[in-house]
1. In the calculated pair distance distribution of the chain, what percentage of Cα-Cα distances lie above 22 Å?
2. In Å², what does the accessible area per residue of the chain work out to with a 1.4 Å probe?
3. Explain nothing, just the number: dipole magnitude of segment 58-114 about its Cα centre with +1 on each Lys and Arg Cβ and -1 on each Asp and Glu Cβ, in debye rounded to the nearest 20.
4. Order these peptides, 122-129, 68-75, by their mean beta-carbon neighbour count within 10 angstrom, highest first.
5. Give me the net charge for the shell around residue 193: Cβ to Cβ below 12 angstrom, other residues only, Lys and Arg +1, Asp and Glu -1.
6. Determine the dipole magnitude for segment 1-140: charges of +1 sit on the beta-carbon of Lys and Arg, -1 on that of Asp and Glu, nothing else is charged, the reference point is the Cα centre, and the result goes in debye to the nearest 20.
7. With both bridge residues required to lie in the chain, what share of the DSSP beta bridges run antiparallel, to the nearest 5%?
8. Sorted by mean Cβ packing within 10 Å, highest first, what order do the peptides 54-61, 22-29, 109-116, 87-94 take?
Amino acid sequence: MFSIQPSTTDTQITRRHSVRAYKPDPVSSELLRHLLEMAAHAPSTTNSQPWKSYVLTGDSLKNLTHAVCTAFDTEPDKHHAEYPYYPEPPLEPYLSRRRKVGQNMYRLLDIAREDREKRRLQQRRNLEFFGAPAGILFTIHRQLPAINLIDYGAFFQTLMLSAKSHALDTCLQAYWSDYHRIIRDILPITPDEVVIAGMAIGYADPAAPVNQLITEREPVSSFATFLD
């Protein structure tokens, strides 16, 4: 029987997962620039390279997180993304998968379903980049077609795998798009840009229970059809 030995790249792919608690150790600007240089090698439709990023560390990170957390606390129902990142109405099996991730995460954090305040505070951690020393916000020109979001997916994955190869961890966060109006007041984002996501990046805190969360993956047989 043919045997496949996992490559170094395979190992990085399987070790990567979303990390939601970080050590305060800084990430150098040189390393962050290198990661983006690697991500820029991702394929894109007709080499359109639709990605644009805003890298935040130090005071810029603190100022932004303070502003969005203040909005989260004082205007909880006034902020919404410019694009839907959940289907409406909800669809299966995607809804069940999403719920299972949430249930497993709150179980690790020992947060009960009825404890709304602790759940609110955990959601707020998104807007602090989960304590990461660096955060990146990503935008795309609003006139670009949907196929360029496929390009962005390749860019994101390349960035996260490059980070993993340098002992860094990440968490891609669509939730940042909800606060695009606050973000625009602080960062030089033009009206032509749509905030599509943020990303926490840093060194994982191995002692944090939430970082034990590893999401399940469907077997190939559930999503692929092989035709000879």
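The values are calculated or read from the model by the stated rules, or taken from the named source; none is laboratory data. Since the structure is predicted, the reported quantities are computational estimates derived from the model, not experimental observations. Virtual Cβ from ideal backbone geometry, glycine too; neighbours counted across all protein chains shown. Surface accessibility is based on the protein's heavy atoms, side chains included, excluding ligands, DNA and RNA. Shrake-Rupley method; radii C 1.70, N 1.55, O 1.52, S 1.80 Å.
1. Distances greater than 22 Å cover 58 percent of the Cα pairs.
2. Values: 13930 Å² over 228 residues.
Accessible area per residue: 61 Å².
3. In total the dipole reaches around 360 debye.
4. 122-129, 68-75
5. +1
6. Using Cβ point charges on Lys, Arg, Asp and Glu, segment 1-140 gives about 420 debye.
7. Details: 19 of 20 bridges.
The answer is about 95 percent antiparallel.
8. Listed from highest to lowest mean packing, they are 54-61, 22-29, 109-116, 87-94.
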